[in-house]
Amino acid sequence: MWEKVQQTVNYLKEKNSYTPSFGLILGSGLGNFPDDIDVEFTIPYKDIPNFPQTTVAGHHGNLIFGKIGNKSVVAMQGRFHYYEGYSMQEVTFPVRVMKFLGVEHLIVSNASGGVNPFYRVGDIVLIYDHINFMPQHPLRGANDERFGPRFVNMSEPYSHEMINKAKEIAVELQIDVKDGIYLGLQGPTFETHAEYRMVKILGADCVGMSTVPEVIVAKHMGMECFGVSVITDISDEKSVATVSHKEVLEAAAKAEPKVRMLIKELIARY
Ligand code: HPA
C-alpha cells in the first residue's frame with residue numbers, strides 16, 4: 001500500500017506542481033462544486049496509476065486541482081462506495097494519496113436519511129460525530145506506522161474548529177444548518193422501517209452509505225475533517241415507503257447552492 005500511494009503521489013506531482021492543503025470528496029450536495037474552483041488541472045481517475053476505477057456508467061471520475069480564494073484544493077469528483085464492490089482499501093486509497101500531496105483538511109459531503117424528528121428534507125447537517133456500522137474496517141490488517149498509529153484516537157473525528165467556523169459563516173450568510181451524528185451502513189438498500197428505528201435507538205441523527213471509511217483513514221493520518229450531509233428523506237412511514245435514488249438526487253440538488261456557498265467560504269476563510 002505504501003509503495004502504491006507514493007507511486008501515485010509522485011505521478012500526480014510530476015503532472016502538476018500543486019500542493020493542495022484542502023481535500024474535497026464531492027458527494028451528493030456538492031456535485032457541481034467544481035464550478036466554484038479555479039481549475040488548474042483535471043485528471044480522469046482512469047489515467048491515475050493505482051486509482052480505483054469508476055464502475056458506474058455516467059458517473060464522474062476526475063481528480064481536480066485548483067484554487068478557492070488563495071487556498072489550493074484537490075477535489076474528487078466522484079467517490080467510491082463499499083457497496084459498489086470496492087475493498088475498504090480501494091474506497092480510502094484517494095484519501096491516502098491526498099495526505100501525501102499535502103492535504104491537511106479533508107471536506108466530505110454526502111446525502112443521508114434523517115431519523116432525527118426535527119430534521120426536514122433539504123436540511124444541511126454539519127456532522128460532528130459518526131457511528132461506524134460498516135461491515136469491514138478500513139484499518140483492519142497489519143498497520144503501517146508510516147501512515148499512522150495502530151490504535152487511532154477518534155475523540156474528535158470532525159474538527160470542532162471547522163464546525164464552529166462553518167456555523168459562524170452560516171449565520172452570516174443566513175443559511176440554516178443543523179448538526180448531528182451520522183451512522184454509516186453498507187447499503188445499497190435503503191433502510192427498512194425496523195432498521196431506521198434501530199439507527200434512531202443507536203443515537204444517530206442521520207444514516208447513509210459513505211463518509212465513515214474516508215474519515216477513519218484521514219484520522220489515521222492525522223488530518224482534520226469536516227463533513228456535511230444533506231437530508232434527502234425522512235424515516236417516517238410515508239417517506240420510507242417512497243424513498244428512491246431519484247428523490248435523493250432531487251433533494252440534494254435543491255440544497256446544493258447553499259452547501260456550495262458554505263464550503264467555499266469555509267475554505268477561503270479557514
Ligand atoms: N439511507 C441511506 N442512505 C441514504 C439515505 C437513506 O435514507 N438517503 C440518502 N442516502
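The values are calculated or read from the model by the stated rules, or taken from the named source; none is laboratory data. Please read all numbers here as calculations on a predicted model, not as lab measurements. Neighbour counts run over all protein chains shown; Cβ positions are idealised from the backbone, glycine included. To get the accessible areas, we keep the full protein, side chains included, count just its heavy atoms, and leave off ligands, DNA and RNA. Shrake-Rupley method; radii C 1.70, N 1.55, O 1.52, S 1.80 Å.
Quick one: which strands (runs of 3 or more DSSP E) sit completely within region 67-178 and have at least 2 residues that are open to solvent by 30 Å² or more (accessible area, probe 1.4 Å)?
Values: elements: 71-77, 105-114, 124-132.
Those strands (runs of 3 or more DSSP E) span 124-132.
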Original post:
If you check Asp233 against the conditions, is it charged (D, E, K, R) and near the ligand (Cβ under 9 Å from one of its atoms)?
Top reply: yes
Subject >> Residue ID - nearest to Val108 (Cα to Cα), chosen from residues in region 220-270 that are of a type in the set (Gly, Ala, Ser) and under 18 Å from the mean Cα position of the chain (by Cα) >> reply: Gly227
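Hey, does region 174-197 have a residue that's closer than 24 Å to Tyr270 by Cα, without any contact (Cβ under 8 Å) to a residue 12 or more places away in the chain, out of contact with any strand residue (DSSP E or B) (no Cβ under 8 Å at 6 or more places or on another chain) and more than 10 Å from the ligand (Cβ to nearest atom)? Give the derivation first.
So in region 174-197, the residues closer than 24 Å to Tyr270 by Cα come out as 174-182.
Adding the requirement that they be without any contact (Cβ under 8 Å) to a residue 12 or more places away in the chain leaves 174.
Then drop every residue that is not out of contact with any strand residue (DSSP E or B) (no Cβ under 8 Å at 6 or more places or on another chain), which leaves 174.
Still in the running and more than 10 Å from the ligand (Cβ to nearest atom): 174.
Yes: region 174-197 contains one or more residues that are closer than 24 Å to Tyr270 by Cα, without any contact (Cβ under 8 Å) to a residue 12 or more places away in the chain, out of contact with any strand residue (DSSP E or B) (no Cβ under 8 Å at 6 or more places or on another chain) and more than 10 Å from the ligand (Cβ to nearest atom).
With Ala253, Ala268, Ala218 as the choices, which residue is within 16 Å of the ligand (Cβ to nearest atom) and either in contact with a Ser or Thr (Cβ under 6 Å, 6 or more places away or on another chain) or in a helix (DSSP H, G or I) (or both)?
Values: Ala268 fails: within 16 Å of the ligand (Cβ to nearest atom); Ala218 fails: within 16 Å of the ligand (Cβ to nearest atom).
Going through Ala253, Ala268, Ala218 in turn, just one is within 16 Å of the ligand (Cβ to nearest atom) and either in contact with a Ser or Thr (Cβ under 6 Å, 6 or more places away or on another chain) or in a helix (DSSP H, G or I) (or both): Ala253.
Every residue, every condition in (1) hydroxyl-bearing (Ser, Thr, Tyr); (2) farther than 23 Å from Phe133 by Cβ; (3) buried (at least 17 other Cβ atoms within 10 Å of the Cβ), yes or no:
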position: Glu224; (1), (2), (3): no, yes, yes
position: Val228; (1), (2), (3): no, no, yes
position: Thr232; (1), (2), (3): yes, no, yes
position: Asp236; (1), (2), (3): no, no, no
position: Val240; (1), (2), (3): no, no, yes
position: Val243; (1), (2), (3): no, no, yes
position: Glu250; (1), (2), (3): no, yes, no
position: Glu256; (1), (2), (3): no, yes, yes
position: Ala268; (1), (2), (3): no, yes, no
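Mind listing whichever residues of region 96-120 are more than 19 Å from Asn16 (Cβ to Cβ) and more than 16 Å from the ligand (Cβ to nearest atom)?
From region 96-120, those more than 19 Å from Asn16 (Cβ to Cβ) are 105-120; that's our starting set.
Result: His105, Leu106, Ile107, Phe118.
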